Each structure stands twice: as C-alpha cells, then as structure tokens.
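Worksheet: the structure to be examined is printed underneath.
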Amino acid sequence: MDARRLGLAALAVVLLAAAGAALGYAAGRETPQPLLVDAVPVAAADPAYPRDPVLRVLPDPDDPPLRPGLPTARAVVGTSPFSVSLPVPRGWVRSDATAGETRFYPEPPTDVTAGGYFVRVRLVGNQYLSVPAQLDARLEALSTASGIEDLTLESRSFDALVVSYVADGYRRVAMEQFVAPPGEEVASAYVAVIGRERDRDGLADLLDRLTSGLRFE
C-alpha cells in the first residue's frame with residue numbers, strides 16, 4: 001500500500017472515531033426519564049403530633065366548704081375620700097401586702113392553707129374605665145397571665161363574671177364584680193371571691209353580700 005492510500009485510511013479511522021464520540025455526547029444530553037417511586041404511608045415516630053404538657057392539678061385542701069350566711073363586720077379599704085367599706089366575714093384576717101389590693105382570709109395565709117378561699121378588693125377609680133371596659137380588661141389580663149392555665153369563662157353579665165382556672169397548681173373558681181358609685185358609669189371598686197369547686201355556693205352568697213353592702217366613703 002502506497003503512502004497516499006495509507007493516509008486516506010488513517011483519516012477515515014479518525015473521522016469514524018469523531019462521529020462515534022459525537023453520537024455518545026448527544027446520547028448523554030438526552031432528557032432523562034422521570035424516576036417512578038411507589039409512595040406508601042410511613043409510620044410516624046412517637047408522638048405522632050405535638051402534645052401540650054400534661055396539666056397537673058394539686059388536691060384541694062380538705063377543710064370544709066365555705067358556708068353561706070357567715071356573720072360579717074364592716075371593713076374599710078382605701079383612704080378617704082377614695083375608700084369603700086364593705087361587710088367581710090367576721091374574724092377573717094386582713095392582708096395589705098400587695099400594692100393596690102386588700103385581701104381577707106379565714107386565717108393567716110400559709111403554704112398549708114394555699115388553695116383555700118379568700119376575698120380580694122381593689123380600688124380602680126383612677127383607671128377611669130366603665131364597668132364593661134373593666135370587665136374586658138380583666139378578661140384580657142386573665143387570658144395573658146403567665147401563672148394561669150386552663151382558663152374557662154363560665155358566665156359574664158353587665159358587671160360580673162365567673163371563671164375557673166388553674167393557678168399555682170390548684171383549680172380555682174373566681175367570681176368577680178366591678179362596682180360604680182350610684183348614678184355613675186366609671187367603675188370605682190373591684191370585688192372578687194376565689195375558692196374551690198366545693199365552695200361555689202358560699203362564694204356566690206359572699207360576693208352578693210359584699211357588693212350589695214359596699215358603700216363609697
């Protein structure tokens with residue numbers, strides 16, 4: 001074979017190799033077919049969904065329920081001319097430890113008596129809110145309070161509400177009322193009775209007597 005034919009043969013081999021490489025590159029650029037996956041449900045790990053922490057409620061003190069019709073004695077809360085007097089259960093212990101709030105307990109409060117019943121009185125005239133507005137503000141405060149859990153609004157009227165909740169580990173029932181001076185709309189006093197489920201009758205009787213006997217000094 002002469003040199004001319006040998007060169008032509010070599011050129012043909014080179015061209016064939018280049019054509020094969022081009023075809024291989026084109027094949028590599030083809031759109032891949034979608035991968036088919038047979039999806040099946042997968043069992044969730046425990047817990048299967050987020051859960052709220054378990055609410056733990058301490059047992060109530062086992063002293064007898066608050067009785068309706070307790071004898072009362074008049075007590076003054078606040079300083080004249082911004083004061084009120086009201087009939088609180090006779091012999092109950094007064095506590096003014098909280099600024100702007102006076103409480104009355106059947107005995108001096110201790111860790112042992114926690115979870116029992118008591119009376120709470122506040123003077124709120126300096127807030128210049130109507131009775132319904134005070135109720136709205138009170139419900140908002142209860143719903144956002146960090147120490148209150150499982151809040152339930154049981155009833156609401158023009159000037160009063162009944163709620164239940166867990167505070168400091170105890171289930172509480174609270175009956176609360178705002179009072180305005182006669183002929184006025186701005187609430188001047190807030191009165192509440194707080195106790196246990198078993199104290200409901202006594203709480204309702206006591207709140208009625210406290211508010212109906214309240215006098216603005």
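Details
- Estimated distance in nm for a label pair at Ala145 and Arg56, the labels positioned 7 Å out from Cα along Cα-to-Cβ: 2.2 nm
- Full-stretch length increase - Glu184, Arg215 - with 0.36 nm per residue and alpha-carbon distance subtracted: 9.8 nm
- Summarised as an ellipsoid, the stretch 47-190 has semi-axes of 29, 22, 13 Å, derived from the eigenvalues of the Cα gyration tensor scaled by 5 and square-rooted, with the largest first.
- Probe 1.4 Å, protein heavy atoms only - accessible area per residue of the stretch 149-193 in square angstrom: 43 Å²
- HN-Hα J in Hz across the stretch 63-76 - Karplus 6.51, -1.76, 1.60, θ = phi - 60°, x for Gly and Pro: 6, x, x, 5, 8, x, x, 5, x, 10, 9, 6, 10, 9
- In the frame of its principal axes, the stretch 111-161 has Cα extents of 38, 23, 21 Å, reported largest first.
- Counted charge near Glu101, where neighbours are those whose Cβ lies closer than 10 Å (Asp, Glu -1; Lys, Arg +1): +2
- Student exercise, the stretch 52-138 dipole from Lys, Arg, Asp, Glu Cβ charges, in Debye to nearest 20: 400 debye
- Between the alpha-carbon centres of the stretch 117-152 and the stretch 57-107 there is a gap of 18 Å.
- Among 59-65, 184-190, the peptide with the highest mean count of other Cβ atoms within 10 Å heads the list, and the full ranking is 184-190, 59-65.
- For the stretch 116-217, the square roots a ≥ b ≥ c of the C-alpha gyration tensor eigenvalues yield an a/c of 1.5 or more together with a/b not exceeding b/c, which makes the shape oblate.
- Solvent-accessible area, 1.4 Å probe, carbon plus sulfur percent, for the stretch 63-217: 52 percent
The values are calculated or read from the model by the stated rules, or taken from the named source; none is laboratory data. All values derive from a computational prediction rather than experimental measurement. Positions of Cβ are backbone-derived with ideal geometry, glycine not excepted, and every protein chain shown enters the neighbour counts. Surface accessibility is based on the protein's heavy atoms, side chains included, excluding ligands, DNA and RNA. Shrake-Rupley method; radii C 1.70, N 1.55, O 1.52, S 1.80 Å.
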